[in-house]
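The values are calculated or read from the model by the stated rules, or taken from the named source; none is laboratory data. Since the model is a prediction, treat every value here as computed from it, not as a measurement. Here the Cβ positions follow ideal geometry from the backbone for every residue, glycine too, while neighbour counts run over all protein chains shown. When the accessible area is computed, the model is the full protein with side chains, heavy atoms only, and any ligands, DNA or RNA have been set aside. Shrake-Rupley method; radii C 1.70, N 1.55, O 1.52, S 1.80 Å.
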Amino acid sequence: MESIERFDPWGHVLIDYHKLFSVFGVEPMKNLLPKLEQLGPLHRLYRRGVVFAHRDFDKIVRALKNGEKVAVVTGFMPSGPFHFGHKMVADQVTYLQSLGAKPFIVIADAEAYAVRGLPRSKIIEYAKIYVANLIALGVDPERATFYMQTNYREPYYRLIQMASAKATLAEMTAIYGDLDPGKIMAVLTQVADILHPQLDDFGGYKHVVVPVGPDQDPHIRFTRDVADRLSGELGTRKPASTYHRLMRGIDGSGKMSSSRPESYISLNDPVDVAVRKLMNAYTGGRATAEEQRRLGGEPEKCAVYELYLYHLADDDLLKRVYNDCKAGRLLCGADKQIASKLLREFLEEHQKRFKEVYDTVEDYIKLPSF
Ligand code: TRP
């Protein structure tokens, strides 16, 4: 696997997960699972090792157990369709919400404008679609805060200003590499995204956890430092974080990303289009059927297997397709038929809910005028 010294929050590289442990010092999630399970049945993404590491998540588990206030903060860049990589994050948010955490969900429109250069009107269109998908996936909007980075409340902007005075250009360059003013703004804004739920203006101190992919770890490390530097003035503490494996693109290369249409299946794709994409997905199957029967398949490399693992399969089916594939009994064509059926069922149901909630989105988020 490729490995780079600096995880890149705006790039598309697959990263070396081991480096997270050895260089950046995150903890394996495995050791915490028995404690997490005491709060309720483990979510499949935790059980299956998709969420594989954390910083300080033990404190979050303890706080939830003691009934203390916890916020789960996550952000989405509205720079393209909402896809199954986003769903993985949404599922973690609904799980943590069900355990008592309050979601703060930011639509990162300032960041999308700065780093993706999309027209504002397009960004706002996507914002609505994101919020509708999140609600349709089970985030309870009555017990969550949704907001846009450019259209929120004053104390949030004050926090961005204060964060800007607590960082040096040298440390930011060391963490992020090349920076321009737009990226610097995006980084400081993200610091406020993560820290503001602790302020009195937003309901007072709470523990904060941020579920992210390892590509976002630079933001976490930087935010933890700034939290310390503001702690005297504002009482901010270091946020906790969890790390999930990034879904690979269905074309088999890189991560699933809105900016590479060939890499994703969107939750809003017409069902037939989505199924066609699945039927063409990269599987890592052998060169010939004969070879696959003889050697077995390689689910570890397979984008369809990842869809089962992250989203589509219950535990029984997951085990069955894995074993049958490995043994050469289940070939990619037949396997894709099984996955297609599940995908179709899921999307039909989801899109019905999406339609029902779409018109209520503006009850839950204040859209900017431009
Ligand atoms: N930078 C994130 C992305 O690239 C989006 C984001 C903005 C975010 N603010 C956040 C993520 C706060 C987690 C927490 O998608």
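Of the numbered conditions (1) under 22 Å from D269 (Cα atoms); (2) within 11 Å of the ligand (Cβ to nearest atom), D91 fails exactly one; give the number of that condition.
(2)
Could you run through segment 223-274 and say how many residues are modelled with pLDDT of 95 or more and more than 29 Å from I184 (Cα to Cα)?
Number of matching residues: 11.
On the basis of being open to solvent by 30 Å² or more (accessible area, probe 1.4 Å) and not in a helix (DSSP H, G or I), does S259 make the cut?
yes
Taking the conditions exactly as written (near the ligand (Cβ under 10 Å from one of its atoms), in contact with a His (Cβ under 9 Å, 6 or more places away or on another chain) and open to solvent by less than 10 Å² (accessible area, probe 1.4 Å)), does I220 satisfy them or not?
no
What number goes with the only condition from (1) away from the ligand (no atom under 12 Å from the Cβ); (2) assigned to a strand (DSSP E or B) that P211 does not pass?
Among (1) away from the ligand (no atom under 12 Å from the Cβ); (2) assigned to a strand (DSSP E or B), P211 violates only (1).
For segment 287-323, give me the residue count where each residue is part of a loop (DSSP other than H, G, I, E, B) and open to solvent by less than 70 Å² (accessible area, probe 1.4 Å).
Residues flagged as part of a loop (DSSP other than H, G, I, E, B) and open to solvent by less than 70 Å² (accessible area, probe 1.4 Å) within segment 287-323 amount to 6.
Quick check on this structure: which one of N31, N66 is more than 19 Å from Q97 (Cβ to Cβ), assigned by TED's automatic domain parsing to the domain that holds Q198 and more than 16 Å from the chain's Cα centre (by Cα)?
So the residue among N31, N66 that is more than 19 Å from Q97 (Cβ to Cβ), assigned by TED's automatic domain parsing to the domain that holds Q198 and more than 16 Å from the chain's Cα centre (by Cα) is N31.
Is it the case that some residue within segment 48-68 is within 13 Å of the ligand (Cβ to nearest atom) and either free of Cβ contacts under 8 Å to residues at least 12 places away in the same chain or touching a Pro at 6+ places or on another chain (Cβ under 9 Å) (or both)?
Within segment 48-68 (the criterion being within 13 Å of the ligand (Cβ to nearest atom) and either free of Cβ contacts under 8 Å to residues at least 12 places away in the same chain or touching a Pro at 6+ places or on another chain (Cβ under 9 Å) (or both)), the answer is no, since none of the residues qualifies.
Based on what the data block shows, is G249 surrounded by fewer than 20 Cβ atoms within 10 Å (Cβ to Cβ) and in contact (Cβ under 8 Å) with a residue 24 or more places away in the chain?
Taking the combined requirement at face value, the residue does not satisfy it.
I'm checking my understanding of the structure. Among residues of segment 46-64 that are of a type outside the set (D, E) and in a loop (DSSP other than H, G, I, E, B), which one is most open to solvent (accessible area, probe 1.4 Å)?
Only one residue fits best here, namely R48.
Give segment 262-286 a look and list any residue that's touching a strand residue (DSSP E or B) at 6+ places or on another chain (Cβ under 8 Å) and open to solvent by less than 10 Å² (accessible area, probe 1.4 Å), or say none.
Those that are touching a strand residue (DSSP E or B) at 6+ places or on another chain (Cβ under 8 Å) and open to solvent by less than 10 Å² (accessible area, probe 1.4 Å): S263, I265, S266, L267, A274.
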